[in-house]
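As structure tokens, the structure follows; a few thoughts come after it.
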Amino acid sequence: MRRSQAWFGRRDRDGFIYRSWLKNRGIPHDQFDGRPVIGICNTYSELTPCNSHFRTLAEQVKIGVWEAGGFPLEFPVMSLGESMLRPTAMLFRNLASMDVEESIRGNPIDGVVLLMGCDKTTPALMMGAASCDLPTIGVSGGPMLSGKFRGAELGSGTDVWKMSEEVRAGQMSQEDFFEAESCMHRSHGHCMTMGTASTMASMVEALGMSLPGNAAIPAVDGRRNVLARASGRRIVEMVKDNLVMSKILTRDAFENAIRVNAAIGGSTNAVIHLLAIAGRIGVKLKLEDWDALGHELPCLLDLQPSGRHLMEDFYYAGGLPAVIRELEPVLARDALTVNGKTLWDNCKDAPNWNREVIHAFGAPFKANAGIAVLRGNLCPTAR
Ligand code: FES
């Protein structure tokens, strides 16, 4: 019996209550017949600009769920916006994960779609959902279009510091500075460099927790909506197959994610977030694993802040599947993903359209580029 039937399948007083209040939206009685109930966990907030298009994304997921014969129910969770929230979004990551966990656990949900984008929303949702271990699929909001300012590209982040110094030095006018604000972030989406948001979206895909291509499709590209709708369809099948998170988030999956993080020049923040997600699902992952598995691997991606290009270029070059294909010599190829296929099956034929953006494993952008774990009196750690 499906989990949701413990609510909707009852013929007593409580069953009346569970169904009756939902019927206020015009839901017909036959919709409580045991079909998969899909929770859409939404971090939409106007205070999280990177996730401000998530209502549209949620509607696409719902269409997919309906198409596959499921019953979608969207719910909000705490949203952590990196650009605004004081004192720091990281202070609230675990709090948000508790919101996610208890919202899933306390409600009649059989499967979950996680809508996440800005830095901390991704680990918070993955952590909370992992503690519940239901069939779950991740849908990232996607990166913004590349910033364009007076013929040059602007990436989220570094250029802000550079231009603010130029204003202080009298080399840039205040008016130009204001103009650059509109040019750097000119579309929906999260930061379009390989910062934490793009890194964590890549980690979700490398872990097998999203459909292929999730990490790099720009937020405003129609194919982002197609991916959301396909994810809505797929989660219904995952419930029928009982494809729970713990079948995907294995030790192999985390090892793959560590390797992919090296290959994309991903953020060091991935270390703390992946360790936390692994802890929730019961996989033994240690800080030392990052050193042992990743630090000698090459970086294949010429993307800011390590390199030149931006996430839009990454998508047009082939996206994460093209990077994963290059990692064949070191990949755990049998790791399962949400579409029921292995990571390798999903990526083995992935095309690479631009070798200047995604380099070959044998001719990398940077050698020995993974994360090295340092110890000493500057960073003492308890073993
Ligand atoms: Fe949201 Fe950078 S501020 S991803």
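The values are calculated or read from the model by the stated rules, or taken from the named source; none is laboratory data. For clarity, every value in this text was computed on a predicted model and none was experimentally measured. When we count neighbours, we look across all protein chains shown, and the Cβ atoms used for this are built from the backbone with ideal geometry, even at glycine. Side chains included, ligands, DNA and RNA excluded: accessible areas come from the protein's heavy atoms. Shrake-Rupley method; radii C 1.70, N 1.55, O 1.52, S 1.80 Å.
Points worth noting:
- Near pairs, Cβ below 9 angstrom, 6+ apart or cross-chain, from the range 329-342 (under 16 Å from I258 (Cα atoms)) to any residue that is basic (K, R) and part of a loop (DSSP other than H, G, I, E, B): R333/K348
- The numbered conditions (1) modelled with pLDDT of 95 or more; (2) touching a Gly at 6+ places or on another chain (Cβ under 8 Å); (3) of a type in the set (S, T, N, Q) are all true for T268 except (2).
Yes/no matrix, rows are residues, columns are (1) open to solvent by 20 Å² or more (accessible area, probe 1.4 Å); (2) free of Cβ contacts under 8 Å to residues at least 24 places away in the same chain; (3) touching a strand residue (DSSP E or B) at 6+ places or on another chain (Cβ under 6 Å):
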residue	(1), (2), (3)
G69	yes, no, no
V77	no, no, yes
G81	no, no, no
L85	yes, no, no
A96	no, no, no
E101	yes, no, no
D110	no, no, yes
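- The helices (runs of 4 or more DSSP H) located wholly in the range 239-281 that include 3 or more residues which are crowded, with 22+ Cβ neighbours inside 10 Å occupy 251-264, 269-281.
- T122 vs. criteria within 14 Å of the ligand (Cβ to nearest atom) and under 25 Å from the mean Cα position of the chain (by Cα): yes
- Within the range 176-196, the only residue that satisfies the criterion of being hydroxyl-bearing (S, T, Y), buried (at least 16 other Cβ atoms within 10 Å of the Cβ) and away from the ligand (no atom under 11 Å from the Cβ) is S187.
- Subset of the range 23-47 [open to solvent by less than 40 Å² (accessible area, probe 1.4 Å) and touching a strand residue (DSSP E or B) at 6+ places or on another chain (Cβ under 9 Å)]: I27, Q31, F32, P36, V37, I38, G39, I40, C41, N42, T43, S45
- Members of the range 133-164 that are open to solvent by 10 Å² or more (accessible area, probe 1.4 Å), more than 16 Å from the ligand (Cβ to nearest atom), closer than 27 Å to F92 by Cβ and in contact (Cβ under 8 Å) with a residue 60 or more places away in the chain: D133, L134
- Helices (runs of 4 or more DSSP H) wholly inside the range 1-104 containing at least 2 residues that are aromatic (F, W, Y) and within 16 Å of the ligand (Cβ to nearest atom): none
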